[in-house]
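A.B. asks: Okay, handing you the structure first.
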């Protein structure tokens, strides 16, 4: 028997947040998720952090002569955007690497987020 897909009215709503991550040294894509997730856990704990339902949708490294820059789109649960952004604003260091996370904006779709803030264009 084939599983049925949930109709859109029963699915959990999500929001997309655009970020620009600046760092002194290059950061691997695998480490980015750990940095973002640890900031949420450190601020809110595991129970509240699991309600945020954080996922990295896409990362793109941008050429910048002065520092390393990555444009990131993350997905979170609707209603938790402010908590997610607050947790990201607490990030300032990973080991000896200084990091700045700048929140560009939020949107309901990836397409409109990219259209507004031009995050994923080459």
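Quick note: the coordinates plus some simple rules give every number you see, no bench work behind them. Please read all numbers here as calculations on a predicted model, not as lab measurements. Note that we place each Cβ from the backbone using ideal geometry, even for glycine, and neighbour counts take in every protein chain shown.
A.B. asks: Out of 43, 119, which single residue is surrounded by 18 or more Cβ atoms within 10 Å (Cβ to Cβ) and either in contact (Cβ under 8 Å) with a residue 24 or more places away in the chain or under 11 Å from the mean Cα position of the chain (by Cα) (or both)?
C.D. replies: On the way: 43 fails: surrounded by 18 or more Cβ atoms within 10 Å (Cβ to Cβ).
Among 43, 119, only 119 is surrounded by 18 or more Cβ atoms within 10 Å (Cβ to Cβ) and either in contact (Cβ under 8 Å) with a residue 24 or more places away in the chain or under 11 Å from the mean Cα position of the chain (by Cα) (or both).
A.B. asks: Continuing with this model, one more query. On the basis of being assigned to a loop (DSSP other than H, G, I, E, B), in contact (Cβ under 8 Å) with a residue 12 or more places away in the chain and in contact with a strand residue (DSSP E or B) (Cβ under 6 Å, 6 or more places away or on another chain), does residue 25 make the cut?
C.D. replies: Details: assigned to a loop (DSSP other than H, G, I, E, B): yes; in contact (Cβ under 8 Å) with a residue 12 or more places away in the chain: yes; in contact with a strand residue (DSSP E or B) (Cβ under 6 Å, 6 or more places away or on another chain): yes.
When the stated conditions are applied, residue 25 passes them.
A.B. asks: Name the one entry in 12, 30 that is outside any loop (DSSP other than H, G, I, E, B) and exposed (fewer than 14 other Cβ atoms within 10 Å of the Cβ).
C.D. replies: Details: 12 fails: outside any loop (DSSP other than H, G, I, E, B).
Going through 12, 30 in turn, just one is outside any loop (DSSP other than H, G, I, E, B) and exposed (fewer than 14 other Cβ atoms within 10 Å of the Cβ): 30.
A.B. asks: Which condition breaks for residue 98 when tested against (1) more than 26 Å from residue 115 (Cβ to Cβ); (2) touching a residue at least 12 places away in the same chain (Cβ under 8 Å); (3) part of a helix (DSSP H, G or I)?
C.D. replies: All conditions are met except number (3).
A.B. asks: Looking only at residues in region 96-116 that are touching a helix residue (DSSP H, G or I) at 6+ places or on another chain (Cβ under 7 Å) and over 16 Å from residue 31 (Cβ atoms), which one is surrounded by the fewest Cβ atoms within 10 Å (Cβ to Cβ)?
C.D. replies: Ranking the qualifying residues of region 96-116, first place goes to 105.
A.B. asks: Suppose we keep only residues that are in contact with a strand residue (DSSP E or B) (Cβ under 8 Å, 6 or more places away or on another chain) and part of a helix (DSSP H, G or I) within region 33-59. Which one would you say is farthest from residue 100 (Cα to Cα)?
C.D. replies: From region 33-59, those in contact with a strand residue (DSSP E or B) (Cβ under 8 Å, 6 or more places away or on another chain) are 33, 35-36, 51-59; that's our starting set.
Then keep just the ones that are part of a helix (DSSP H, G or I); that gives 33, 35-36, 51-52.
Working: 33: 15, 35: 12, 36: 12, 51: 25, 52: 21 Å.
That would be 51.
A.B. asks: Let me ask something else about it. Scan region 86-95 residue by residue and report those that are surrounded by fewer than 16 Cβ atoms within 10 Å (Cβ to Cβ) and in contact (Cβ under 8 Å) with a residue 40 or more places away in the chain. Don't jump to the end; show me each part of the working.
C.D. replies: The first filter runs over region 86-95 and keeps only residues surrounded by fewer than 16 Cβ atoms within 10 Å (Cβ to Cβ), leaving 86, 89-90, 92-93, 95.
Passing the criteria: 86, 90.
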